[in-house]
Amino acid sequence: ERNKIYAEICNAKIDSEYFEEKMVQTISGAAKTKEVQCETITVAEKGVMVTSWDLDNSLKASETEPTETEEPKGPAGKSSKSPTAEEQVWNIPSFCDSTSSIIIAESAVAARSHEEKECHSILTSANLQQDLVVMERILMENIFQPKLAVYRQIPVLTEPVVASDTDGEESEEEEDEEEEEEALPEGSESPAEGGGPSLEQLWSYRCDLTSGHSVSSMAWNKVNPDLLAVGYREFVSQDQKKGLACCWSLKNPMWPERIFRCEHGVTAVDFSLASPNLLAVGMANGCVAIYDVRSRGDAALLDSSASLNKHKGPVWQLRWVEQDRGATAGDRKERLMCISGDGRMTQWFIQQRLDCSDVMKIKRTESEKKKLPGEKERKSEAPISQQAAGMCFDFHPEDPDIFLAGTEEGHIHCCSCSGKEQILGTYRGHKGPVYKVAWNPSSTEMFLSCSADWSILLWHRDSHSPLLTFTSVTAFVHDIKWAPKSAFIFAAVNERRVEIWDLTVSIFKPVLSCAASPEGTLSSLLFASNAQCLLLGDSCGQVGVWQLHNLAVPSSHQV
């Protein structure tokens with residue numbers, strides 16, 4: 001094909017005045033000779049004497065191993081073998097050498113197979129697994145002992161420094177101080193001596209499995225305060241990954257004790273009080289599942305996928321609620337309550353299968369707009385859906401029939417589980433979706449709410465207008481929590497920072513504001529139940545454990 005194209009080009013140049021035919025000689029370079037020298041290849045001759053019965057027995061044996069090393073040949077060309085110790089003792093004839101080697105080979109194969117079986121049984125034994133768990137616990141204790149001691153509020157064990165003179169001790173103390181300063185993570189504030197409140201990061205619950213997910217919810221186990229359940233979902237809405245529900249323990253902050261893989265993103269988790277081994281999980285597709293944390297498998301104990309009344313929207317929050325708080329531990333009954341984006345508040349029954357009944361349907365309410373003088377009444381447009389999406393709820397700390405429900409349209413409904421009138425009152429104050437509501441555990445007539453309108457509102461149950469408004473930055477406030485031992489201190493997380501508010505100090509600005517997640521945005525928070533610590537979940541799949549320093553705790557009797 002190339003020759004044909006070249007011939008056409010040459011024919012086109014014959015009658016052209018721009019081309020002239022000339023002869024050109026190409027000079028070829030002088031040829032070069034190269035020599036390559038390599039090491040000489042050494043050749044050695046080796047031989048062995050094989051008889052016919054050796055060939056026959058080697059074909060029948062499944063595995064054979066050479067038991068005798070080959071000796072160099074003598075001057076006469078025959079192999080000069082030194083007699084083995086067994087031949088010297090028993091004076092074995094020469095014609096029995098081959099049969100004895102086969103017997104030794106077969107015994108070696110049988111011994112090796114027995115050793116392999118024994119080794120495999122040891123590796124798969126339950127005792128070795130338990131010993132490995134103990135060894136892992138010891139290693140984690142050695143690594144995290146100073147941090148865990150601070151968390152437990154016990155003295156930190158330090159190794160004694162042995163030095164020859166005082167100068168060596170002073171230099172080592174200076175090096176230790178420098179190492180402690182370098183050990184503080186980015187974004188953490190060193191504890192101020194006699195100053196205001198501060199945060200110090202102790203460790204983070206994270207692993208390769210949780211990276212790329214966002215922490216959606218956290219819950220402590222009601223009986224074991226060292227066991228933490230964390231729900232994970234995909235941070236970006238497109239190409240949603242499968243969700244995770246992990247149980248972390250203080251004994252191993254580097255890998256979760258239990259891993260439950262879910263088909264959809266996990267949006268809510270909570271432990272049961274009557275049955276502490278049951279973990280309820282709400283998902284983004286509206287499914288509710290219950291897992292048994294005693295089992296190491298990731299299969300759900302009960303699932304709502306077969307229920308006809310399952311939710312059509314994401315389960316934004318779920319909680320086990322006690323029915324009779326005055327009963328004893330044995331007679332105590334619980335109900336699993338859920339709120340979903342389809343506008344339904346449901347109660348789930350744990351029987352042969354998981355089924356639910358509606359406690360309340362949240363309906364849309366018209367906004368109260370004042371009509372100007374001379375303005376005509378406008379016809380209200382019919383909404384696409386008569387039900388408003390529920391976002392959060394919280395039950396009264398003393399009355400289990402009263403609860404608050406926050407909606408996507410910015411309203412908070414005070415509701416009752418019993419009685420004809422389910423909605424007792426509506427609190428209007430937010431201009432965006434209400435992400436969290438929280439009753440004050442000490443002053444039970446007060447509650448907080450946070451929203452996407454950048455604000456936190458403090459409410460009284462008898463007043464339908466907010467008492468106080470807290471706004472520090474222009475960012476969504478995703479979560480709020482009251483401090484467990486104070487009626488005046490609460491924490492809040494927005495997209496950028498974590499804030500600690502103390503109403504006895506100031507109602508205009510937080511006493512502490514810290515950027516606790518430099519890599520991602522904060523999504524949830526939780527106070528530790530048995531320590532002065534705060535847990536912060538972010539969009540990178542990390543749950544940071546932060547120690548609170550110099551935080552004044554007023555008396556719970558103070559009102």
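Spin-label model, Ser443 to Ile27: label points 7 Å out along the Cα-to-beta-carbon direction sit 10.2 nm apart. Rounded to the nearest whole Hz, the Karplus-based 3J(HN,Hα) values (6.51 cos²θ - 1.76 cosθ + 1.60, θ = phi - 60°) of region 247-253 follow the sequence 10, 9, 10, 5, 6, 8, x, with x at glycine and proline. Charged neighbours of Ser214, selected by a Cβ distance under 9 Å, balance to -1 (K, R count +1; D, E count -1). The 3J(HN,Hα) values that the Karplus relation (6.51, -1.76, 1.60; θ = phi - 60°) gives for region 139-151 are, in residue order, 5, 4, 5, 5, 6, 9, 4, x, 5, 5, 5, 5, 5 Hz. Gly and Pro appear as x. Amide hydrogen proximity for Cys540: with H placed 1.01 Å from N in the peptide plane, the residues at 5 or more positions away or on another chain lying under 5 Å are Val215, Thr521.
Each residue of region 423-440 is assigned a 3J(HN,Hα), and the resulting list reads 8, 8, x, 10, 10, 10, x, 8, 9, x, x, 8, 7, 8, 10, 8, 5, 6 Hz, derived from the Karplus form 6.51 cos²θ - 1.76 cosθ + 1.60 (θ = phi - 60°), x at Gly and Pro. Working ranking of peptides 267-276, 455-464 by packing, defined as the average number of other Cβ atoms within 10 Å per residue, highest first, is 267-276, 455-464. Amide H to amide H distances under 5 Å link Gly343 with Gly390, where only residues 5 or more positions off or on other chains count and H is placed in the peptide plane. Summarising the amide proton neighbourhood of Leu512: residues at separation of 5 or more, or on other chains, whose placed amide H is nearer than 5 Å comprise Ile500. Residues Phe349, Phe144, Phe490, sorted by accessible area with the largest first, give Phe349, Phe144, Phe490 [1.4 Å probe; ligands and nucleic acids excluded].
Paramagnetic label reach from Glu322 (point 7 Å along Cα→Cβ; backbone nitrogen cut-off under 15 Å): within region 409-447, residues 441-442.
The values are calculated or read from the model by the stated rules, or taken from the named source; none is laboratory data. This structure is a prediction, so every number in the text was calculated from the model and none was measured. Heads up, the Cβs are rebuilt from the backbone with ideal geometry, glycines too, and the neighbour counts pull from every protein chain shown. Ligands, DNA and RNA are stripped out before the accessible areas are found, and what is left, the full protein with its side chains, is counted by its heavy atoms. Shrake-Rupley method; radii C 1.70, N 1.55, O 1.52, S 1.80 Å.
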